[in-house]
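J.: I have a structure I would like to understand better, so I am pasting it below and will then ask my questions one at a time.
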Amino acid sequence: MIKNLVFDLDGTLLDTIEEITKALNETLIDFSLPEITVAEGKSFLGHGTEHLLRHALKGAILDQETYQSFKDAYMKRQIVYQLEATRPFPGVLALINDLINRGMRLFVYSNKPHPFAVKLIEARFPGAFEAVIGQQPGHAPKPNVAPFLPILEKYGVDPQTSVYVGDSLVDIKTAAALGMRAAAVTWGYVPRERLLEAQPAFIIDRPGQLLQAVINEESQP
């Protein structure tokens, strides 16, 4: 029986790519660097902010001070744009409400910087999640699970009755590292065929399918 669901954020709960790309391109222009496409932005997501920025620079070498200025400018823009415009994927808000109504406990574990993950989730899903954990200084991004392990202990989360829900290959690896089954959603930023190759426990093409998977588990003896 599924009792807990842990969600990725970007590409799973919220469609953030337009705002992230906008913030990146405005920052790249400010530093006289070439812009990226939305498709490129999608391919850079999922591995944390440093990975995103390094790939967006496309080999451009910035000294440490300039890089920090570039990063700071992007970070300021991206949270403003996401709080203004980012919305859940179609059907996701109803899914979250339905899962809560069925007694599920919901969590977020994201590679978005922790303060921004908390702000964005609380703005779009107020009170829906037991805990939100983003990437924290001093910790490697997912699939590293060290920052999330205290949540398992604090809330008594049994990985055997839990599912990690995400849209990327990193998320499938994160599920394995947590000892959870993976539910890969296909509405995010990684093609369905690549997700299938990674053999998640569930492949989810629309939010209602995840709810149905939970219901099916509840009905099993």
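J.: Which entries in 22/58; 112/154; 42/173; 3/173; 119/173 show an alpha-carbon gap greater than 24 Å? Intermediate results must be reported in sequence, preceding the final value.
T.: Working: 22/58 17 Å; 112/154 22 Å; 42/173 18 Å; 3/173 20 Å; 119/173 26 Å.
Pairs exceeding 24 Å: 119/173.
J.: Hey, rough spin-label estimate for residue 30 and residue 50, points 7 angstrom out along Cα→Cβ, what's it come to in nanometres?
T.: 2.2
J.: Still on this structure, please answer the following. Could you work out [θ]222 nm for the chain from helices alone, using -39500 (n - 2.57) per DSSP H run of at least four and dividing by all its residues? Round to the nearest 500 deg cm²/dmol. If you can, show how the numbers build up before the last one.
T.: Details: 10 runs with 108 residues, N = 221.
The helix contribution divided over the chain gives -14500 deg cm²/dmol.
J.: Please calculate how many Å² of accessible area region 74-123 carries per residue, with a 1.4 Å probe and no DNA, RNA or ligand atoms counted.
T.: Numbers: 2220 Å² over 50 residues.
With all protein chains present, region 74-123 gives 44 Å² per residue.
J.: Could you please state how large a percent of the accessible area of region 1-155 is carbon and sulfur, counting protein chains only and using a 1.4 Å probe? All intermediate terms of the calculation are to be shown ahead of the outcome.
T.: Details: 3900 of 7190 Å².
With neighbouring chains kept in place, the figure for region 1-155 is 54 percent.
J.: Could you derive backbone 3J(HN,Hα) for region 80-87 from the dihedral phi with the Karplus parameters 6.51, -1.76 and 1.60 (θ = phi - 60°), listing whole Hz in sequence and x where the residue is Gly or Pro?
T.: 4, 5, 5, 5, 6, 10, 5, 10
J.: Related question: What is the distance in Å between the Cα centroid of region 1-24 and that of region 164-201?
T.: Using only Cα atoms to place each centre, the spacing works out to 13 Å.
J.: Now a separate question. What FRET efficiency comes out for the pair residue 193/residue 65, r = Cβ-Cβ distance, R0 = 30 Å, nearest 0.05?
T.: Working: r = 43 Å, r/R0 = 1.42.
After rounding to 0.05, the efficiency reads 0.10.
J.: Full extension from residue 39 to residue 154: what is 0.36 nm times the residue separation minus their Cα-Cα distance, to one decimal in nm? Don't skip to the answer; put the middle values down first.
T.: Numbers: separation 115, 0.36 × 115 = 41.40 nm, distance 3.85 nm.
Fully extending the segment from residue 39 to residue 154 adds 37.5 nm.
J.: Report the extension gain between residue 84 and residue 101 in nm, rounded to one decimal, defined as 0.36 nm multiplied by the number of residues separating them, less their alpha carbon distance.
T.: Working: separation 17, 0.36 × 17 = 6.12 nm, distance 2.82 nm.
Here the segment from residue 84 to residue 101 would lengthen by 3.3 nm.
J.: Follow-up question, since we're still on this one. Along each of the three principal axes of the Cα atoms of region 1-68, give the extent in whole Å, ordering the values from largest to smallest.
T.: Answer, in whole Å and largest first: 53, 23, 15 Å.
J.: Right, next: Rounding to the nearest 20 debye, state how big the charge dipole of region 50-114 is about its Cα centre with +1 on each Lys and Arg Cβ and -1 on each Asp and Glu Cβ. Intermediate results must be reported in sequence, preceding the final value.
T.: Numbers: 9 positive and 6 negative charges, 47 e Å.
My answer is approximately 220 debye.
J.: With every protein chain left in place, what is the accessible area per residue of region 149-221 in square angstrom, probe 1.4 Å? Walk me through the numbers before you get to the answer.
T.: Values: 3600 Å² over 73 residues.
Each residue of region 149-221 exposes 49 Å² on average to a 1.4 Å probe.
The values are calculated or read from the model by the stated rules, or taken from the named source; none is laboratory data. Since we're looking at a predicted model, the values are computed, not measured. For neighbour counting, all protein chains shown are included, and Cβ atoms are generated from backbone atoms with ideal geometry for every residue, glycine included. Each accessible area value is taken on the protein alone, full model and side chains, heavy atoms only, with ligands, DNA and RNA left out. Shrake-Rupley method; radii C 1.70, N 1.55, O 1.52, S 1.80 Å.
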